[in-house]
Amino acid sequence: AQSVTQLDSHVSVSEGTPVLLRCNYSSSYSPSLFWYVQHPNKGLQLLLKYTSAATLVKGINGFEAEFKKSETSFHLTKPSAHMSDAAEYFCVVSVPRGDTGRRALTFGSGTRLQVQP
Amino acid sequence: DTGVSQDPRHKITKRGQNVTFRCDPISEHNRLYWYRQTLGQGPEFLTYFQNEAQLEKSRLLSDRFSAERPKGSFSTLEIQRTEQGDSAMYLCASSLTRGDLSYEQYFGPGTRLTVT
């Protein structure tokens, strides 16, 4: 079985300061890992993904994440927060389900990022 | 806009009524997924289709829930005899799978259901 733990339910930063959203995963298989962002009244948008290539993954809007197998972590970072980054962020682990062909997505409970002016 | 679309965006219904939601995936995507998201939680998998075949259903999907994808394009999710516990955001996602390669899922904006 796989699971994801987002260590902070809320993070508040000032505009222009770094962002760190923490995620730990558990998986019996070599996982694919994703970060999705959800703005109010909008669909989930993929920020970035790790699929066993480079461990440092760059995504959209200046976000990046580093896969650390030894720490089972996949933390999301951004050097400088912008007001438009305020949203809910979900860490997601994906592993294959051999019986149905589906890659099961397991979502964390989310981290709400607030950006103060 | 060529993304995943869902209709309606909001639905308020009385307990005991039936509701139906529609999802239109990205046109070339052969897989379609339904998720449910309750307040303060991440989405939870409900069911998925490859083309028109429903290949998997979660234990969250009680007998009151049924989903179809008759022509392998759009999908409907029906909830019969709604209960207050059904109040949630229902999300649809689609993805493309070719051979052993499966690409990321793209999500629609969701249908927010409120059962009074």
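Summary of computed values
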read-out	value
Size of charge dipole - the protein assembly as shown - debye, nearest 20, with Cβ of Lys, Arg +1 and Asp, Glu -1, no other charges	340 debye
For segment A:37-117, average projected area of the Cα convex hull in nm²	6.7 nm²
Relative pair counts by distance (%), Cα atoms of segment B:1-91, 5 Å bins	3, 13, 25, 26, 19, 10, 3, 0
Isotropically averaged projected area of segment B:42-116, using the convex hull of Cα atoms (one quarter of hull area), nm²	5.7 nm²
Given A:Lys49/A:Lys78; A:Lys68/B:Lys57; A:Lys42/A:Lys78, the pairs whose alpha carbons are separated by over 25 Å	A:Lys68/B:Lys57
Surrounding net charge for A:Leu56, when Lys and Arg each add one and Asp and Glu each subtract one, Cβ distance under 12 Å	0
Percentage of interatomic Cα-Cα distances in the protein assembly as shown larger than 34 Å	15 percent
Pairwise FRET efficiency - B:Arg59 versus A:Thr77, Cβ, R0 = 30 Å, nearest 0.05	0.25
Dipole-positive endmost among B:Val19, B:Tyr35, B:Phe49 within segment B:5-70 (Cβ charges, Cα centre)	B:Val19
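Throughout, read-outs are computed from the coordinates displayed, never taken from laboratory work. What you see is a predicted model; the values in this text were computed from it and never measured. Note: ideal-geometry Cβ built from the backbone for every residue, glycine included; neighbour counts use all protein chains shown.
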